[in-house]
1. Which of the residues that make up the range 152-169 are among the hydroxyl-bearing types (S, T, Y), buried (at least 21 other Cβ atoms within 10 Å of the Cβ) and not in a helix (DSSP H, G or I)?
2. Among residues belonging to the range 227-246 that are in a loop (DSSP other than H, G, I, E, B) and touching a helix residue (DSSP H, G or I) at 6+ places or on another chain (Cβ under 9 Å), point out the one that is surrounded by the fewest Cβ atoms within 10 Å (Cβ to Cβ).
3. When you scan the range 237-250, how many residues do you find that are farther than 24 Å from A138 by Cα and either touching a residue at least 24 places away in the same chain (Cβ under 8 Å) or not assigned by TED's automatic domain parsing to the domain that holds K125 (or both)?
4. Check V257 against each of (1) surrounded by 20 or more Cβ atoms within 10 Å (Cβ to Cβ); (2) under 19 Å from the mean Cα position of the chain (by Cα) and name the one condition it does not meet.
5. Can you find even one residue in the range 17-33 that is of a type in the set (D, E, K, R), in contact with a helix residue (DSSP H, G or I) (Cβ under 7 Å, 6 or more places away or on another chain), touching a residue at least 60 places away in the same chain (Cβ under 8 Å) and surrounded by 15 or more Cβ atoms within 10 Å (Cβ to Cβ)?
6. So which of S44, S58, S81 ends up being surrounded by fewer than 19 Cβ atoms within 10 Å (Cβ to Cβ), among the small types (G, A, S), out of contact with any Ser or Thr (no Cβ under 9 Å at 6 or more places or on another chain) and not assigned by TED's automatic domain parsing to the domain that holds P170?
7. Among V190, V181, V172, which is the only one that is closer than 20 Å to L100 by Cα, assigned by TED's automatic domain parsing to the domain that holds C147, assigned to a strand (DSSP E or B) and more than 18 Å from the chain's Cα centre (by Cα)?
8. Assuming T5 fulfils every condition listed in (1) in contact (Cβ under 8 Å) with a residue 40 or more places away in the chain; (2) over 22 Å from P96 (Cβ atoms); (3) out of contact with any helix residue (DSSP H, G or I) (no Cβ under 7 Å at 6 or more places or on another chain) apart from one, which condition is it?
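The values are calculated or read from the model by the stated rules, or taken from the named source; none is laboratory data. Keep in mind the model is a prediction, meaning the values are calculated, not measured. A quick note on method: Cβ atoms are made from the backbone with ideal geometry, for glycine too, and the neighbour counts reach across all protein chains shown.
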Amino acid sequence: MADITSLQNERVKYVVKLREKRQRERDGVMLVEGQYELEMALTSGLLPREVFYCEEYSSGQPASFNLQPITCSRAVFEKMSYRDNPDGWLAIFPTPYRKLESFAPSGESASHSPALFIMAESVEKPGNLGAILRTADAAGVSGLLVCDPHTDIYNPNVVRASRGTLFTVPVVETSSSEALVFLRAHRIQVLAATPHAEHPYFDVNLRQPVCIAVGTEDVGLSDFWMDNADLKVKIPMMGKVNSLNVSTSTAIILYEVVRQRSK
């Protein structure tokens with residue numbers, strides 16, 4: 001028999017409340033749903049406050065989990081879950097808030113290659129932020145600076161879209177002015193993509209410490225970042241549209257950095 005079978009259970013009601021940003025911020029916690037995402041959070045060193053498990057949705061407890069989950073009935077888990085196709089795992093974790101000072105003073109990645117940062121300004125959609133995190137993890141970036149955000153970086157949908165890389169990529173929420181001070185202090189050049197740039201992204205030297213600055217899809221980067229950019233590049237557009245999805249643009253330039261540095 002499951003530990004929780006009633007939809008009126010206070011734990012169940014609390015988990016549902018945690019979908020709201022105000023409740024998460026007040027309690028300093030976040031929701032992590034999914035076996036893979038839970039494993040990523042555990043691997044990063046985070047310890048869950050509570051873990052909920054529904055056997056009817058799961059193929060079994062992973063061997064790497066050293067947890068004592070609270071078991072739930074199918075109906076209870078469906079009420080708590082925010083996914084269309086849950087896999088039976090959901091947990092409450094403390095929110096891993098970071099500050100700029102938590103980044104390595106040298107501004108370099110663990111591989112000791114030149115620093116490689118991403119600055120995402122006012123990104124609105126959790127899906128885009130999650131996609132940027134996945135690419136950042138794959139490319140081994142030093143960190144992601146989320147400036148003047150319009151979405152909560154600890155939104156459950158960011159966790160889902162990032163496939164748990166929210167826990168593997170150093171992320172900090174800060175203001176644009178503070179981010180620029182940090183980048184200048186560590187001599188990290190700011191690269192901005194704009195259709196008005198003279199050079200395409202593959203014609204500039206990206207082997208030096210660099211931060212790729214990306215903005216919203218409708219208006220792009222603010223004047224603050226365009227005025228303070230050290231490098232301005234364009235992504236050649238051969239069709240009718242004049243812009244790409246922000247996560248796609250980030251990936252294109254990021255992997256040009258990887259290509260150049262791999263040589």
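1. Y154
2. Going through the qualifying residues, I end up with P236.
3. 2
4. Condition not satisfied by V257: (2).
5. yes
6. Answer to the check: S58.
7. V190
8. (3)
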